[in-house]
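Everything below concerns the one structure shown next.
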Amino acid sequence: MTPLFVLTPRPFVSPLRRVLTPVCALAAALAIGGVIVALLGRSPAAAFRVFLVEPLTDPWAAQEVLLKATPLVLIATGLLFCFRASRWNIGAEGQFLVGGLCGGGIAILTHGMTGAWILPAMMLAGACGGLAYAALPALLRVRFGISEILTSLMLVYVADLLLDYLVRGPWRDPKGFNFPQSVAFSDAALLHPLLEGGRLHAGMILALAAALAAALVFRRTLFGFAIAASGEAPRAANFAGFNEGRITILVFLISGALAGLAGVIEVAGQVGQLRPGFGQGLGFTAIIVAFLGRLSPLGAVLAALVIAVLLIGAESAQVSLKLPLDLARFFMGLLLICILLGESLERYRIRFRRAEKERPA
Amino acid sequence: MVRISTRLAAFALALGLSGAAGAQEKLKVGFIYVGPVGDFGWSYQHDQGRKAIEAAFPGKVETSFIESVPEADSERAIEQLARTGHKLIFTTSFGYMEPTLKVAKKYPNVMFEHATGYKRDRNVATYSAKFHEGRYIIGKIAGRMTKTNTIGYVGAVPIPEVIAGINAFYLGAKSVNPDVKIKITWVNEWFNPGKESDAAKALMDQGADIITQHTDSPAPLQQAAARGKFAFGQASDMTRFAEKHILTSIIDDWAPYYVERTRAVLEGKWQSQDVFDGLAKGKVKMGPYVNMPDDVKRLAEETEKAIIAGTADPFLCPVVAQDGRTIECKGGNRLSDEQVVGMNYFVQGIEGTIPK
Amino acid sequence: MTETLPLILATILTAATPLMIAALGEHVVERAGVINLGVEGMMIVGAASGFAVAVLADSSPLGLLAGLLAGLGLAVAFGLAVVVFATNQVATGLALTILGLGLAGLVGQGFVGQPRAAMAPLAIPLLAEIPVVGPALFTGDPVFFLSLGLVALVAFVLSRTRLGLLLRAAGENQDSAHALGLPVMRLRFAAILFGGAMAGLAGAYLSLIYTRFWSPGMSAGRGWIALALVVFAGGKVWRLVFGAYLFGGITVAQLHAQAGAIGLPSQLLSALPYVMTIAALLALSLGGRKGQGAAGSLGQPFVPER
């Protein structure tokens, strides 16, 4: 039994194909999703509008999309360094939490104070916190050969419990009726909205700057080349003079720092205090953002926007169409798989096998 | 002054509604849930309340909900409801407090109701339920039913509501059985059936012959039944999960409150308030008292009646904390509501420390 | 103590069994050179479908089978994407988890709040009579015994049979395996199907044996722990079993420590299973047992040259 068809790499991918494949993937997912929505007795056209059009055309929703995408872009940009080097940092969520904790700690210490230095100090503390927390799995891998996949993931749970401990104990708001939360940050420790009446803050600019910087590093610097080389063939990279251990540690530090920074931006921009569960799984979502963006910084920005649109569309769909969240999740998974399939078909050509018996060479 | 402005706002709203009487514009009521509606616990019970609104005002209201909204990212979801014409919005978890207040400032003509919080505004009311009243009753039942004098308590997370529940339970048990001991395990999650069931098993292995829980799933009850031990239901009547081993359930019933507040908006009488009530107003209900001797059943029923009548209360003074200090009595002959809402100490006789 | 010890052991075994089954499946997948991050999604769909069928057919064994098949079904989709169409494995797996969480909610919608009776425990004749160990190890739910059989089977097939050799060859170096004429794609597809079936079975174990009801989110991250256990195993099945029982054991032990009121913060105790897993791996590594690490071609899409 030979397979029905084989894939062969396309020597050249035309720009038209590049544009058309994601569009076709979207169309395929919409067709399947539309059938399901119709089966549930709702209008597929309305679902399409609520899910994918309104989050982009309605100014309020568009701002919310950018806001939601901000931490995803930052974390995913950091993860690109790891993933390009084939280092598997699965624990960005933990680094995000520890970053938020360190930055939030500064906000709590300086509570009631004013000064333009407070916010930068928080960001620095957050980046350092995330960096230090990412250093753990990196060092354990380099020194003891322990898989970073396991350690980084396990440390997420530890960070979650550490946050829980702090906001119930030492950092609890003394006037908060003993609820698990810190004081609400002072004005100087908050990232304020850019536009009146909206919620979008300067974090988006930082996130875009980080993505741009990453793009430059990957394209223009020796370090960027070393990361790619190390990811492709670690041993060969070693021969070429790039130290494997050093690259492991560096990519983890960068990734941790950006996740930590995202954590501070989230607590200073959105939440305004420390409380359990401010991670919301963003660190995990960012993994899919990184891969969906094909490990490129620009791709990550686009992918983060796609995910944000879907998340916000899912909320609107619950309100205006009374569609269950589970259906939105199902559709989101389906759409992502369609996009990934499309990406494959862009890179490879399908060649159907005839009756001929081919033996692998 | 604040009152008057609230009334005016509500009045204006009512006018707006009746003005559109020809088109019969429906009042839109929105809900934000912290869990999935299918959790069969906290969010499920709130959703039952939402359905009760639809049933109570056929043709006059339209309800929507957004489920599984993370507390840290709830502002957008709440605003989503406010900007799509919902005039009454229930945010049903403590963590929605600050986001609710923020959105309420932006939408002064929308009425908000925040569950279990303590910050209000002219268009933000708060409401909560005295679940500890029910826990006092089941404490008495457990105190009488235990043979090993050891009762296991599966706690979710150490917030004041859970602490007050543990205290009320223990005081109830001790009032009928001075030798009773309770053992507590924290799952550190509200909902993780597997871990909840492991916690219940660990407690039974340490000698507990009655299990009670302040987590969301029926898992501890089921595990107790599997070993022939007795337990209680949580949030809804869980009889069907352990018909022979359930003693009773503490039921959250938000329906009467939700219907009342919706009616208030429809009639233009809504105003900001803080409501903290329990058995007397039916927000907390007890399931049937079963699988127990008649005298225990009578004790439970009498306690329930006395609490409703106001003559009994879990926290009648003097209340003595674990460290021996007597708590100041701020509510007449009992602790005040504020003292209960912010409770962060165990009462004397409970072993163990509150996780900090 | 002799009375409670078997009970405690039984608690640990129940906590560890779903982790072990799911991890065992993913272990085979990763040996074949594929990483499937969709374990959590396949598990929760297994839990929902298993429970739904068990209720509809009023049969828990049928439910277990349905859970297994549901996991298998999702694995078919995953296999088509990553093996046949060579999509990115990490991203496809994560997408599968999102899809699975949604699908499980839809499947389980009508079954919220329904109870299910326990399955009768199996007792191995004679062995179950041994004091302490007997009641704990030789009396239990049928799936626990099945899981032990599966462990033995997987260990045997991977290390002692031609199929295992081929599978590992496909995982270790896909290009040379292909050059040698091995059906790399078919081997991988088969491994993925096995992994999906195991994840689905583990899910059905949650909703039919561990806690007998359906509720969305009831897998509560166990799929991720299973993935971590595969890494912990470092290519060796015995380490996978050790890891699963260690994790389950510490989870249960920390609950006992809490009930015993030893005065440590519960968050610290709750963190122990995670910290101790890292510590155990560190100890194994310091003791010179590094494990084999991941398969050489893990995560790389395979597109034959011709």
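Laboratory data are not the source of any read-out in this text; all were calculated from the coordinates shown. What you see is a predicted model; the values in this text were computed from it and never measured. Note that each Cβ is placed from the backbone with ideal geometry, even for glycine, and that neighbours are counted across all protein chains shown.
Identify which of C:Phe51, C:Phe242, C:Phe156 has the largest mean-square fluctuation in a Gaussian network model of chain C, with springs joining Cα atoms closer than 10 Å.
Maximum fluctuation in the GNM of chain C, among the listed residues, is at C:Phe156.
Using only atoms on other chains, find how many Cβ atoms lie within 10 Å of each Cβ of peptide A:142-150 and report the average.
Working: counts 0, 2, 7, 6, 11, 11, 1, 7, 12.
Mean inter-chain Cβ contacts per residue within 10 Å come to 6.
Output the pairs from B:Lys60/B:Lys119; B:Lys102/B:Lys130; B:Lys119/B:Lys229 with a Cα-Cα distance over 32 Å in this structure; if there are none, say none.
Details: B:Lys60/B:Lys119 30 Å; B:Lys102/B:Lys130 27 Å; B:Lys119/B:Lys229 42 Å.
B:Lys119/B:Lys229, as the Cα separations exceed 32 Å there.
For segment A:73-302, with only Lys/Arg (+1) and Asp/Glu (-1) charged at the beta-carbon, what is the dipole magnitude about the Cα centre, in debye rounded to 20? Spell out each step's value before the answer.
Numbers: 14 positive and 10 negative charges, 91 e Å.
Once rounded to the nearest 20, the dipole reads 440 debye.
Rank A:Leu191, A:Asn89, A:Tyr165 by how far each Cα sits towards the positive end of the charge dipole of segment A:84-193 (+1 on Lys, Arg Cβ; -1 on Asp, Glu Cβ) and give me just the farthest.
A:Asn89
Using the crude model of +1 on Lys and Arg Cβ and -1 on Asp and Glu Cβ, and no other charge, please compute the dipole size for the protein assembly as shown relative to its Cα centre, in debye to 20. Mind dumping the intermediate values first?
Details: 86 positive and 70 negative charges, 414 e Å.
Here the size comes out at about 1980 debye.
Evaluate peptide C:207-215: per residue, the Cβ atoms of other protein chains within 10 Å of its Cβ; return the mean as an integer.
Details: counts 1, 0, 0, 6, 13, 8, 9, 3, 13.
Across the residues of C:207-215, the mean count of other-chain Cβ atoms within 10 Å is 6.
What ranking, highest mean first, results for peptides A:256-264, B:85-93 when packing means the other Cβ atoms within 10 Å averaged over each residue? Could you put the intermediate results ahead of the total?
Values: A:256-264: 32.9, B:85-93: 25.0.
Listed from highest to lowest mean packing, they are A:256-264, B:85-93.
Please report the relative contact order for segment A:213-299, taking Cα pairs under 8 Å with a sequence separation of at least 6, and give it as a percent rounded to a whole number.
Values: 35 pairs, mean separation 18.2, N = 87.
21 percent.
Sort the following peptides by mean Cβ neighbour count (other Cβ atoms within 10 Å, averaged over residues), highest first: A:211-221, A:85-95, A:158-168.
A:85-95, A:158-168, A:211-221
Tell me, in nm to one decimal, what length is gained between A:Leu26 and A:Leu298 on full extension, where the rule is 0.36 nm per residue of separation less the Cα-Cα distance? The partial results should precede the final answer.
Working: separation 272, 0.36 × 272 = 97.92 nm, distance 1.94 nm.
Here the answer is 96.0 nm.
What is the order of B:Lys285, B:Lys105, B:Lys147, fewest Cβ neighbours within 10 Å to most? Don't skip to the answer; put the middle values down first.
Details: B:Lys285 17, B:Lys105 12, B:Lys147 7.
Neighbour counts put them in this order, fewest first: B:Lys147, B:Lys105, B:Lys285.
Kindly express, to the nearest 10 degrees and within the range 0 to 90, the angle between helix A:118-144's C-alpha long axis and the longest C-alpha principal axis of chain A.
The helix A:118-144 is inclined about 60 degrees to chain A.
Bin width 20 Å, alpha-carbon pairs only: give the P(r) of chain C as whole percents, running from 0 to the bin holding the largest distance.
Cα pair-distance distribution for chain C, in percent: 33, 57, 10, 0.
Under a crude label model (7 Å from the Cα following the beta-carbon direction), how far is A:Ile350 from A:Arg49 in nanometres?
Computed distance between label sites A:Ile350 and A:Arg49 equals 3.4 nm.
Separation of segment C:180-254 and segment C:44-94 by C-alpha centroid, Å?
13
For segment C:195-306, compute the orientation-averaged projected area of the C-alpha convex hull (one quarter of its surface), in nm². Don't skip to the answer; put the middle values down first.
On the way: hull surface 41.8 nm².
So the mean shadow area of the Cα hull is 10.5 nm².
Could you work out the mean count of beta carbons from other protein chains within 10 Å of each residue's beta carbon in A:313-320? Kindly include the intermediate steps, with their values, before the conclusion.
Details: counts 0, 3, 7, 4, 1, 9, 12, 3.
Per residue, the number of nearby Cβ atoms from other chains is 5 on average.
Using alpha-carbon pairs under 8 Å, 6+ residues apart, how would you state the relative contact order of segment B:137-217 in percent? Write down the numbers at each step before the final one.
Numbers: 148 pairs, mean separation 36.5, N = 81.
Computed over segment B:137-217, the figure is 45 percent.
At 0.36 nm per residue, and after removing the present C-alpha to C-alpha distance, how many nm does the segment from C:Ser59 to C:Gln109 gain when stretched out fully? All intermediate terms of the calculation are to be shown ahead of the outcome.
On the way: separation 50, 0.36 × 50 = 18.00 nm, distance 1.93 nm.
Here the answer is 16.1 nm.
Using only alpha carbon pairs under 8 Å that are at least six residues apart, calculate the relative contact order of chain B and give it in whole percent.
Details: 748 pairs, mean separation 62.4, N = 356.
Reported relative contact order: 18 percent.
Taking the beta-carbon count within 10 Å as an exposure proxy, list B:Ser74, C:Ser49, B:Ser175, C:Ser159 from fewest neighbours to most.
On the way: B:Ser74 24, C:Ser49 28, B:Ser175 17, C:Ser159 12.
If I rank by nearby Cβ atoms, fewest first, I get C:Ser159, B:Ser175, B:Ser74, C:Ser49.
If packing is taken as the average count of other Cβ atoms within 10 Å, what order do A:111-118, A:248-255, B:117-124, A:13-20 fall into, highest mean first? Could you put the intermediate results ahead of the total?
Numbers: A:111-118: 12.8, A:248-255: 24.1, B:117-124: 19.1, A:13-20: 11.0.
My ranking of the peptides, most packed first, is A:248-255, B:117-124, A:111-118, A:13-20.
List the DSSP H helices in chain C whose Cα atoms stretch 30 Å or more along the helix axis and whose mean Kyte-Doolittle hydropathy is at least 1.0. Before the final figure, lay out each step's value.
Numbers: long enough: C:4-31 (39 Å, 1.23); C:184-205 (32 Å, 1.29); C:237-259 (33 Å, 0.98).
Span-like helices here: C:4-31, C:184-205.
Name the lysines eligible as straight-distance cross-link partners of B:Lys174: C-alpha to C-alpha under 18 Å, and not fewer than 8 places from it in the same chain.
B:Lys140, B:Lys147, B:Lys183, B:Lys297
Applying the Karplus parametrisation 6.51 cos²θ - 1.76 cosθ + 1.60 with θ = phi - 60° to the phi angles of segment A:150-159, what ³J(HN,Hα) value in whole Hz is obtained for each residue in order, glycine and proline being reported as x?
These are the phi-based 3J(HN,Hα) values: 5, 5, 5, 5, 4, 5, 4, 5, 5, 4 Hz.
Can you say what percent of the DSSP beta bridges in the protein assembly as shown, counting only those with both residues inside, are antiparallel? Round to 5.
Bridges in the protein assembly as shown that DSSP calls antiparallel: roughly 30 percent.
Amide H of B:Ile210: which non-local residues (sequence gap of 5 or more, or other chain) have their own amide H closer than 5 Å, using H built in the peptide plane?
Those lying under 5 Å, H to H, from B:Ile210 are B:Gly152.
What do you get for the angle between helix A:203-220 and the principal long axis of chain A? Use alpha-carbon atoms, 0 to 90 degrees, nearest ten.
Tilt relative to chain A: about 50 degrees.
In whole angstrom, how long is each semi-axis of the equivalent ellipsoid of chain B, when you take the square root of 5 times every eigenvalue of its Cα gyration tensor and sort them from largest down? Present the calculation step by step, with values, prior to reporting the outcome.
Values: eigenvalues 286, 90, 69 Å².
Three semi-axes, in Å: 38, 21, 19.
Which residues does the label zone of A:Ala202 cover in segment A:226-267, counting backbone N under 13 Å from a point 7 Å along Cα→Cβ?
A:265
Pairwise over distinct Cα atoms, reciprocal of the mean inverse distance: report the Kirkwood radius of segment A:73-302 in Å, one decimal place.
Evaluated over segment A:73-302, this radius sits at 17.8 Å.
Can you give me the Rg/Rh ratio for segment A:1-100, using Cα atoms for both radii and the Kirkwood formula for Rh? Don't skip to the end; give the middle numbers.
Values: Rg = 19.7 Å, Rh = 18.0 Å.
Dividing the radius of gyration by the Kirkwood radius yields 1.09.
Helix A:222-232: angle to the longest alpha-carbon principal axis of chain A, degrees 0 to 90, nearest 10?
Roughly 60 degrees, rounded to the nearest 10.
Which residue fluctuates most in the GNM of chain B (Cα springs below 10 Å): B:Arg263, B:Arg144, B:Arg325?
B:Arg325
Quick one: Cα centre-to-centre distance for segment A:192-208 and segment B:64-138, in angstrom?
Segment A:192-208 and segment B:64-138 have Cα centres spaced 25 Å from each other.
Sorted from largest down, give the three principal axis spans of the alpha carbons of the protein assembly as shown, whole angstrom values.
90, 76, 55
Which aspartates and glutamates, on any chain, are close to B:Lys305 with Cα under 19 Å apart, when same-chain ones fewer than 8 places away are left out?
Output for B:Lys305: B:Glu133, B:Asp252, B:Asp253, B:Asp277, B:Asp294, B:Asp295, B:Asp313.
Grab the DSSP H runs of chain C that are 4 residues or longer, score each as -39,500 (n - 2.57), total them, divide by all residues and round the 222 nm result to the nearest 500 deg cm²/dmol.
Values: 12 runs with 206 residues, N = 306.
Counting only the DSSP helices, I get -22500 deg cm²/dmol.
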